[in-house]
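These notes are about the structure you will find just below.
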Amino acid sequence: MLHERVPNLAKFVEPDRVRREVYTDAAIFEMEMERIHERVWIYCGHETQVPKAGDYYTTQIGRQPMLMVRGKDGKVNVLYNRCPHRGSMMCGDRSGNAGEFFRCSYHSWTFHHDGKLRAIPMMESGYAGTRWTRDNPDCNMKRAARVENYRGFVFASLAADGPGLLEFLGRSKIAFDDICDRSPEGEVEVVPNCFRMIQHSNWKIFLENQLDALHPSVTHQSTGRAARDVELEIEKRTGKIPLSYHMLSAFSTVTIEKWDNFQTLNYPYGHCILTGYMGLRPKDPDTLEYERVLEKAYGEKRKEEILTTNIHHVLIYPGLSVQSPLQQLRAVRPLGVNRTLTEIWHFRLKGAPEPIYRRALAYYNLVNSPSTMINADDLENFWKAHQGLSSDGGDWVSFHRHYGRDAEKDGMVETAPNCGTSEAPMRNQMKAWTQYMAPGE
């Protein structure tokens, strides 16, 4: 029915505006799952989430429940979380260790860590003469069509064809290079638990917000101002300002005009970068020790290149937002047209001093935790945006800010300097959306 009612979804997206149905139509959401989330490369998790053979972690790709599991050969596999017998999920918990093999809790079929059938109870007597033979591939747990790992970050695609992971990531792979290079050992390890939130809004609203440099000094102004008042009071009493308060007060001291000094870089496949260095580099003993360790590992020149990489956010469309200088990422798992799960993960820099981890952890807790006012500000706006879009108050969403001022260079679209608040990232995401959603893609 959707194909009859909306024969050309491209008509819903114009260069500077988008129809509201793109966010609110449940049938369009189902097509997004089929044509985007269940075809492109989706982040599954980090390899350190499954360090030992048999370790597994449950995740979701589009509408599909999946398992990321470490095999005995050390390889990380991504399988559909489904027994091929009667369809029961193989693992109902978040994570664990399967032991020597997976065993279905319903009828005790067992499978190797790569999904291949191990044994079926009473197979010879029960399945003699049927098509259910040991060499029938349908007896195995189904595997993701493609799985690739870049610097420990595991992605899977449910489509057998399409660009490889490195081609898909393109220049946005700097997100993973930057976070890993900040480690003296060139590697990170995941902090086992993450924050999870269900946002009552469409998944695209969250992605657009990640590179929206206009909203922080508006949406988070009251939170930043309150933190600034406390910060000044502490400085008056002690002569020092705790770094943790600055993580919040910056939302009031960094004005719209300052955000406009940042820049957006917009790549193929919908990926985008908002520049603006957000690393924490005061001249305290902890930072100086970290710099000493980093210089010993890489040399002075490379150390400076690493610590001055100009990144605020990297958005890898359609489901990942990475803040590499602060060792964290957010994975987006759409649940429905108006429900979106976000997982917020934090990482340790291997070989870095413990205080550097603690400092980034403070930002993780103060800014990205579900219990912070910063997140509460955003969640309210996401809900209000979806509610407004569901009304008859207007048919179009505007992406006009700085429209017409973008310049294409070397296959990417750059906003001119002093245009950090441009809505170019939103336009770039919707351009990719149109390409993904085209029939036959």
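The values are calculated or read from the model by the stated rules, or taken from the named source; none is laboratory data. Computed from a predicted model, the values in this text were never measured in an experiment. Neighbour counts run over all protein chains shown; Cβ positions are idealised from the backbone, glycine included.
Report the residue count in the range 108-155 for those that are of a type in the set (Asp, Glu) and surrounded by 12 or more Cβ atoms within 10 Å (Cβ to Cβ).
Within the range 108-155, residues that are of a type in the set (Asp, Glu) and surrounded by 12 or more Cβ atoms within 10 Å (Cβ to Cβ) number 2.
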**OP:** Name the one entry in LEU326, LEU349 that is free of Cβ contacts under 8 Å to residues at least 60 places away in the same chain, over 30 Å from TYR23 (Cα atoms) and hydrophobic (A, V, I, L, M, F, W, C).
**Re:** LEU326
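For the structure I just gave you, tell me whether ALA27 is outside the structural domain of CYS91 (by TED's automatic domain parsing), surrounded by fewer than 18 Cβ atoms within 10 Å (Cβ to Cβ), in a helix (DSSP H, G or I) and in contact (Cβ under 8 Å) with a residue 60 or more places away in the chain. Please lay out each step first, then the result.
Values: outside the structural domain of CYS91 (by TED's automatic domain parsing): yes; surrounded by fewer than 18 Cβ atoms within 10 Å (Cβ to Cβ): yes; in a helix (DSSP H, G or I): yes; in contact (Cβ under 8 Å) with a residue 60 or more places away in the chain: no.
So ALA27 fails the test.
Quickly run through the range 384-414 and pick out the residues that are in a helix (DSSP H, G or I) and in contact (Cβ under 8 Å) with a residue 60 or more places away in the chain.
So the first thing to find is which residues in the range 384-414 are in a helix (DSSP H, G or I), and the list is 384-389.
Answer for the range 384-414, where residues must be in a helix (DSSP H, G or I) and in contact (Cβ under 8 Å) with a residue 60 or more places away in the chain: ALA385, HIS386, LEU389.
One residue is enough: does the range 121-141 have a residue meeting the conditions more than 25 Å from THR48 (Cβ to Cβ), modelled with pLDDT of 95 or more and out of contact with any Lys or Arg (no Cβ under 6 Å at 6 or more places or on another chain)?
Of all residues in the range 121-141, those more than 25 Å from THR48 (Cβ to Cβ) come to 121-140.
Filter again for modelled with pLDDT of 95 or more, leaving 140.
Pick out the ones that are also out of contact with any Lys or Arg (no Cβ under 6 Å at 6 or more places or on another chain) and you get none.
The answer is no; no qualifying residue exists.
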Subject >> Residue within the range 297-317 that is under 18 Å from VAL190 (Cβ atoms) and either among the polar types (S, T, N, Q) or assigned to a helix (DSSP H, G or I) (or both) present >> reply: no
**OP:** Give the residue that is nearest to LYS75 (Cα to Cα), with candidates limited to residues of the range 30-54 that are touching a strand residue (DSSP E or B) at 6+ places or on another chain (Cβ under 6 Å) and either modelled with pLDDT under 95 or surrounded by fewer than 19 Cβ atoms within 10 Å (Cβ to Cβ) (or both).
**Re:** ALA53
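Which ranges mark the strands (runs of 3 or more DSSP E) fully within the range 74-139 that have 3 or more residues being in contact with a Leu (Cβ under 9 Å, 6 or more places away or on another chain) and not small (Gly, Ala, Ser)?
Working: elements: 76-80, 95-97, 117-119.
Once the strands (runs of 3 or more DSSP E) in the range 74-139 are filtered for at least 3 residues that are in contact with a Leu (Cβ under 9 Å, 6 or more places away or on another chain) and not small (Gly, Ala, Ser), what remains is 76-80.
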Subject >> Selection status of THR58, closer than 29 Å to GLY336 by Cβ, free of Cβ contacts under 8 Å to residues at least 60 places away in the same chain and either within 19 Å of the chain's Cα centre (by Cα) or assigned to a loop (DSSP other than H, G, I, E, B) (or both) >> reply: yes
Original post:
For the range 415-441, what are the residues that are under 24 Å from GLU38 (Cβ atoms), modelled with pLDDT of 85 or more and outside any helix (DSSP H, G or I)?
Top reply: ALA438
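Say whether the condition of being assigned to a loop (DSSP other than H, G, I, E, B), at pLDDT below 90 and closer than 23 Å to VAL154 by Cα is met by at least one residue in the range 356-369.
Residues of the range 356-369 that are assigned to a loop (DSSP other than H, G, I, E, B), as a first pass: 368-369.
Filter once more, keeping what is at pLDDT below 90: 368-369.
From the residues that got through so far, the ones that are closer than 23 Å to VAL154 by Cα too are 368.
Looking for residues that are assigned to a loop (DSSP other than H, G, I, E, B), at pLDDT below 90 and closer than 23 Å to VAL154 by Cα, one finds at least one in the range 356-369, hence yes.
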**OP:** Mind listing whichever residues of the range 235-257 are touching a helix residue (DSSP H, G or I) at 6+ places or on another chain (Cβ under 8 Å) and free of Cβ contacts under 8 Å to residues at least 12 places away in the same chain?
**Re:** LYS240, ILE241, PRO242
**OP:** Name every residue in the range 150-183 that is of a type in the set (S, T, N, Q) and either farther than 23 Å from HIS312 by Cα or part of a helix (DSSP H, G or I) (or both), in order of residue number.
**Re:** SER157, SER172
**OP:** Select from the range 160-202 the residues that are crowded, with 18+ Cβ neighbours inside 10 Å and basic (Lys, Arg) and write down the one among them that is nearest to THR275 (Cα to Cα).
**Re:** LYS173
Subject >> Test result for LEU329, in a strand (DSSP E or B), surrounded by fewer than 19 Cβ atoms within 10 Å (Cβ to Cβ) and modelled with pLDDT of 95 or more >> reply: no
Original post:
So which residues in the range 376-414 are modelled with pLDDT of 90 or more and either touching an Asp or Glu at 6+ places or on another chain (Cβ under 8 Å) or closer than 22 Å to PRO15 by Cβ (or both), if there are any at all?
Top reply: ALA385, LEU389, GLY394, ASP395, TRP396, VAL397, SER398, PHE399, HIS400, ARG401, HIS402, TYR403
**OP:** Could you please give the count of residues in the range 178-211 that are among the acidic types (Asp, Glu) and either more than 22 Å from GLN327 (Cβ to Cβ) or in contact with a Lys or Arg (Cβ under 7 Å, 6 or more places away or on another chain) (or both)?
**Re:** 4
